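The structure appears below as structure tokens.
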Amino acid sequence: MRGGMAITAALVVVAAAAESRWAELGREITYDGRALVVSGARRMFFSGDMHYARSTPEMWPKLIAKAKNGGLDVIQTYVFWNVHEPIQGQYNFEGRYDLVKFIREIQAQGLYVSLRIGPFVEAEWKYGGFPFWLHDVPSITFRSDNEPFKQHMQNFVTKIVTMMKHEGLYYPQGGPIIISQIENEYQMIEPAFGASGPRYVRWAAAMAVGLQTGVPWMMCKQNDAPDPVINTCNGLICGETFVGPNSPNKPALWTENWTSRYPIYGNDTKLRAPEDIAFAVALFIARKKGSFVSYYMYHGGTNFGRFAASYVTTSYYDGAPLDEYGLIWQPTWGHLRELHCAVKQSSEPLLFGSYSNFSLGQQQEHNTPKVEFRNISLELAPKSISVLSDCRNVVFETAKVNAQHGSRTANAVQSLNDINNWKAFIEPVPQDLSKSTYTGNQLFEQLTTTKDETDYLWYIVSYKNRASDGNQIAHLYVKSLAHILHAFVNNEYVGSVHGSHDGPRNIVLNTHMSLKEGDNTISLLSVMVGSPDSGAYMERRTFGIQTVGIQQGQQPMHLLNNDLWGYQVGLFGEKDSIYTQEGTNSVRWMDINNLIYHPLTWYKTTFSTPPGNDAVTLNLTSMGKGEVWVNGESIGRYWVSFKAPSGQPSQSLYHIPRGFLTPKDNLLVLVEEMGGDPLQITVNTMSVTTVCGNVDEFSVPPLQSRGKVPKVRIWCQGGNRISSIEFASYGNPVGDCRSFRIGSCHAESSESVVKQSCIGRRGCSIPVMAAKFGGDPCPGIQKSLLVVADCR
């Protein structure tokens, strides 16, 4: 123990010496008890998580620009080990995995980078970011004081740090990286490792610091983060839950302010109100002296291919300030933009002043009381924090949203209903044990067998039915730790079962089947919908079929667990890559009108790229469960047959980045497990078609406008212009941006004034004042302006 501490101290001293040399160059990043200190100046930072692997290089510049325009200073990203080293010793930093290019784009736009190397990331990402080959390293125990694991972890972290140094990307070198993260929420599982857990934490911290990056390191959700590593908070409301820095010399940093809840198949989407997000940010700054807040996610993006974790949808954090497609999600984006501006306006007293707290009264949570503060009368909304400039003028209220609202529309631009343009290929059900990839007298664990290179593993067994066994109708019983099971007997489909994210780990199929006399082949397709992304001893988790039995009449169940089993890894179509242009020629496709229904079917067709720049999606509402490829690129798993409690699919629209497309003849290939009708698939474009503003005459004017009068400000995205005014009322309109009507007070000139200001323009700004509308339509009544406009 004493020796380990000595090593840690030595590493800190060496790192400090390196930082001292960089300081001589005039670029230094340090910290104190209030903030990160950049070249000698404390800074208030707003950051947003944006994962390069969940978007495309073509999308990065606009995403970063919108984040900057939203008031962010920092882009934060994980580094995904399993995309960069999918095969041990073989690295991939190309395409959407080009980490250096992503960071350089951030730098080019004048923002900083928070680099979360991990390398365990969780992130609702396949295997928590670990490459699966790590599972097969002898004697390994993930995330513990285990030499095989530490060796591979250190190799990868060193690889990334060396790359960043070589490219000159750390701040002291002139780059944008101002902070890095080692490990990720380890405290959640640390007790499971006993004494090994704290030893591992100390080792990870010392290893990271010893790499001499010249920037601070942090550990999130790790209250015992060793000096000089900063412990940070993740969560919904860190102003209440964060225990605070574990040293008076460390600042309060919030690495994950969750902007919504990540969606999972079988659940409805849960969005977070912008008022709640803003309140949580302001509370963290006020109560914890917070000086760094990162939104998780600011842009969620897409879980392309098979990278989503267990039961996680392909769409990721679609309700973030920038949605899955990169569109600005209003009013969240705009409300937070106003917050950032208000806080930065007061950053000097927040970073250098002394904090004081005193009560303005009791039991105000459910009222809208007026309070006195320094001889100023203020009206406070329930659960709201007001930001005052110079302690006198309210410049922002967390509970009052004046930012515009927006509504997305998925516009079907191409129907794929021409039966002559579709081809189909029925996935063969394996029947011959002699052609199996593996055989054995036991039930194999699924991920160990597939190496997580496919969702699919066939289990095949032969069962001899004798005439003396009597009834040819039998029960097939299968218990599995996978996510979906499809069963076939003698090539006939007999049933399926699936689990859920929050349900029991076991799924059980208990179904009737008909047996013939003699040999019967039972073929079971075990399906994973993502691999685990968290938990202690993840390398020990087991999946796949656990028990198989047959019961005939009143006889005891006959277990087949120890019979001779054959295993086929993956689907036939996967092995032949029939989702690529070259692979489509490797199988015999048939016309879809000659297709006899089969639950495992491949489909292919072509479509043209929609004109314009709007985001492109596939509407797969008519399908069941499977995976979809466009020009050989997997745009992810789909599972629209698994309905949420609302009766709707958890996800029905699937993003096709324009970088995946060619002008015409785009190859679309799907593998379908549960039926579905491909003739009802449509190609859609996604855009914000309706915008709305609702501001009252006592609202705080937007700080960006530098005016003294509140205004309704609306604007269209994607180069569109305001084409029509759906509703306009100055007075006391009833409702909000979703449902509205004229109230008892209404200026007759409302519509004409708004039309004159807005029609044909990309955006417009209308003062909320009587003079603009020809006078006060109803003196003595508080008035507001509600405008709903169409963008085309």
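The values are calculated or read from the model by the stated rules, or taken from the named source; none is laboratory data. Note that this is a predicted model, so its numbers are computed, not measured. All Cβ positions, even for glycine, are placed from backbone atoms using ideal geometry, and neighbour counts span all protein chains on display. Only protein heavy atoms, including side chains, enter the accessible area calculation; ligands, DNA and RNA are left aside. Shrake-Rupley method; radii C 1.70, N 1.55, O 1.52, S 1.80 Å.
May I ask you to derive the relative contact order of the chain, considering only C-alpha pairs under 8 Å and at least 6 residues apart, and to give it as an integer percent?
Working: 1849 pairs, mean separation 92.3, N = 792.
Reported relative contact order: 12 percent.
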query = Which residues' amide hydrogens lie under 5 Å from the amide hydrogen of LYS643, considering only partners 5 or more residues apart or on another chain, with H built in the peptide plane?
reply = none
request  = Could you work out how far the C-alpha centroid of the stretch 213-277 sits from that of the stretch 661-686, in angstrom?
outcome  = 39 Å
key: Kirkwood-based shape ratio for the stretch 300-350, expressed as Rg/Rh from alpha carbons   = 1.22
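Could you do me a favour and compute the accessible area per residue for the stretch 433-570, 1.4 Å probe, result in Å²?
Working: 5880 Å² over 138 residues.
Per-residue accessible area for the stretch 433-570 comes out at 43 Å².
More than 17 angstrom separation, counting every C-alpha pair in the stretch 110-184; what % is that? Present the calculation step by step, with values, prior to reporting the outcome.
Details: 1402 of 2775 pairs.
Here the tail beyond 17 Å accounts for 51 percent of pairs.
Ignoring ligands, DNA and RNA, please state the percent of accessible area on the stretch 705-791 from carbon and sulfur, probe 1.4 Å.
Numbers: 2010 of 4380 Å².
Ligands and nucleic acids excluded, carbon and sulfur reach 46 percent.
What part of the accessible area of the stretch 284-426, given as a whole %, is carbon or sulfur when the probe is 1.4 angstrom?
On the way: 2860 of 6350 Å².
Percent of accessible area from carbon and sulfur atoms in the stretch 284-426: 45.
Could you list the GluC sites (Glu not before Pro) in the stretch 722-792 that lie in coil according to DSSP, counting only those with at most 15 other Cβ atoms within 10 Å of their Cβ?
In loop regions of the stretch 722-792 (DSSP not H, G, I, E or B), the sparsely surrounded GluC sites (Glu not before Pro) are GLU748.
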message = If I take R0 = 41 Å and measure r between the Cβ atoms of ASN561 and HIS501 in this structure, what FRET efficiency does the formula 1/(1 + (r/R0)^6) give, to the nearest 0.05?
response = 0.90
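Accessible area per residue for the stretch 273-325 in Å², computed with a 1.4 Å probe and the full protein assembly in place, what is it? List each step's numbers first, then the result.
On the way: 830 Å² over 53 residues.
I get 16 Å² per residue for this part.
Could you grab the relative contact order for the stretch 433-570? Cα pairs under 8 Å, six or more apart, rounded to a whole percent.
Working: 317 pairs, mean separation 59.7, N = 138.
Relative contact order for the stretch 433-570 comes out at 43 percent.
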For the stretch 705-791, accessible area per residue (1.4 Å probe, heavy atoms of protein chains only), Å² = 50 Å²
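At a threshold of 8 angstrom on Cα-Cα distance, excluding pairs fewer than six apart, so keeping six or more, what relative contact order does the stretch 129-187 reach in percent?
Details: 26 pairs, mean separation 7.3, N = 59.
Here the relative contact order equals 12 percent.
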key: Correct choice for P(r) over Cα pairs in 20 Å bins from 0, in percent that was computed from the model, options (i) 15, 48, 32, 4, 0; (ii) 11, 19, 12, 11, 10, 9, 9, 8, 6, 3, 1; (iii) 15, 42, 32, 10, 1   = (iii)
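Which percent of the accessible area of the stretch 117-267 is formed by carbon and sulfur heavy atoms (probe 1.4 angstrom)?
Values: 2190 of 4330 Å².
Summing carbon and sulfur atoms, their accessible area is 51 percent of the total for the stretch 117-267.
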request  = Name the cysteines of the chain that stand alone by the Cβ rule: no other cysteine Cβ under 4.7 angstrom.
outcome  = CYS220, CYS341, CYS391
request  = Anything over 26 Å Cα to Cα? Flag those among LYS289/LYS400; LYS101/LYS288; LYS221/LYS289, in the order listed.
outcome  = LYS101/LYS288
task = List, in the order given, every pair from LYS66/LYS664; LYS708/LYS772; LYS370/LYS711; LYS755/LYS783; LYS435/LYS479; LYS270/LYS643 whose Cα-Cα distance in the structure shown is over 22 Å.
result = LYS66/LYS664; LYS370/LYS711; LYS435/LYS479
